[in-house]
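Single-structure report; data block below.
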Amino acid sequence: MSIFSKLSFKDQAFKLRENAILDATTTILGTKGYDLMTMDDVANAVGISKPSLYKHFKSKEDLVGEALIRLIDGAVDFLAQLDSALKPIEQLTALLEWALRVRLEGGMPFLPSTSAHVREMLMRNLKYITRVLKLNGQIEKLVLAAQKSGDLNPELPSDVILFSFYSRTCDPAVEYLQKFSKMDNEAIVMHILQVALGGLRPTVAA
């Protein structure tokens, strides 16, 4: 039995509404950005009053922080559910594929990479920092293991690979391809994975 199913009906309704608020926040952030988004925007999108919204989140900063924490938790949960028998490079590939799919579906606004104000706000959020450090540690461990096995270039500094991996999750090429190319999301994901992990050079036949 899940923890959610043990909640009272009132608590379940509260949690469902909170998830709807975070969904709406993620969508609005992806289209308007942090500075232009208002609490009125979120309340209207969910169909609740602003006072009701403030029962869940006391400020826009808290709301946005929780939306991004939920995203990081999704990545951590995804890694935890992967088959432990998968090679490190296969786990990294699967995680990047997951991130690209979430992004193409509008579920991943990349605010920290585009807004200094948001970065400063998040640096004050201990809960967010704790989650980021946990995820970063897991990914770094996979990168080092993949380098050791020879599946990633061992001559490159691990930080270069690590931050290149992160940058692929917010590469604007994804949006351009979705908007202007004739490819569907499946093709976009596969091609971005190829570029991210195999580079732009043609595959050399054995």
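The values are calculated or read from the model by the stated rules, or taken from the named source; none is laboratory data. This one's a predicted model, so the numbers in the text were calculated from it and none came from an experiment. Every residue, glycine among them, receives a Cβ derived from its backbone with ideal geometry; neighbour counts consider all protein chains shown. Only protein heavy atoms, including side chains, enter the accessible area calculation; ligands, DNA and RNA are left aside. Shrake-Rupley method; radii C 1.70, N 1.55, O 1.52, S 1.80 Å.
Scanning the stretch 57-81 for residues that are of a type in the set (D, E, K, R) and part of a helix (DSSP H, G or I) yields LYS60, GLU61, ASP62, GLU66, ARG70, ASP73, ASP77. Here is the figure for the stretch 50-82: residues that are loosely packed, with under 12 Cβ neighbours inside 10 Å and at pLDDT 95 or above total 3.
Note on the stretch 130-163: among residues that are among the polar types (S, T, N, Q) and surrounded by 14 or more Cβ atoms within 10 Å (Cβ to Cβ), the one that is farthest from the chain's Cα centre (by Cα) is GLN147. In the stretch 36-46, is there at least one residue being open to solvent by 20 Å² or more (accessible area, probe 1.4 Å), farther than 13 Å from LEU122 by Cβ and part of a loop (DSSP other than H, G, I, E, B)? Yes, some residue in the stretch 36-46 is open to solvent by 20 Å² or more (accessible area, probe 1.4 Å), farther than 13 Å from LEU122 by Cβ and part of a loop (DSSP other than H, G, I, E, B). For the stretch 168-183, the set of residues classified as surrounded by 11 or more Cβ atoms within 10 Å (Cβ to Cβ) and either small (Gly, Ala, Ser) or in a loop (DSSP other than H, G, I, E, B) (or both) consists of THR169, CYS170, ASP171, ALA173, SER181, MET183, listed by residue number. For LEU22, indicate whether it is in a helix (DSSP H, G or I) and either farther than 28 Å from VAL143 by Cβ or in contact with a His (Cβ under 7 Å, 6 or more places away or on another chain) (or both). In short, yes.
Is there a residue in the stretch 83-103 that is under 24 Å from ALA20 (Cα atoms) and assigned to a loop (DSSP other than H, G, I, E, B)? No, the conditions are met nowhere in the stretch 83-103.
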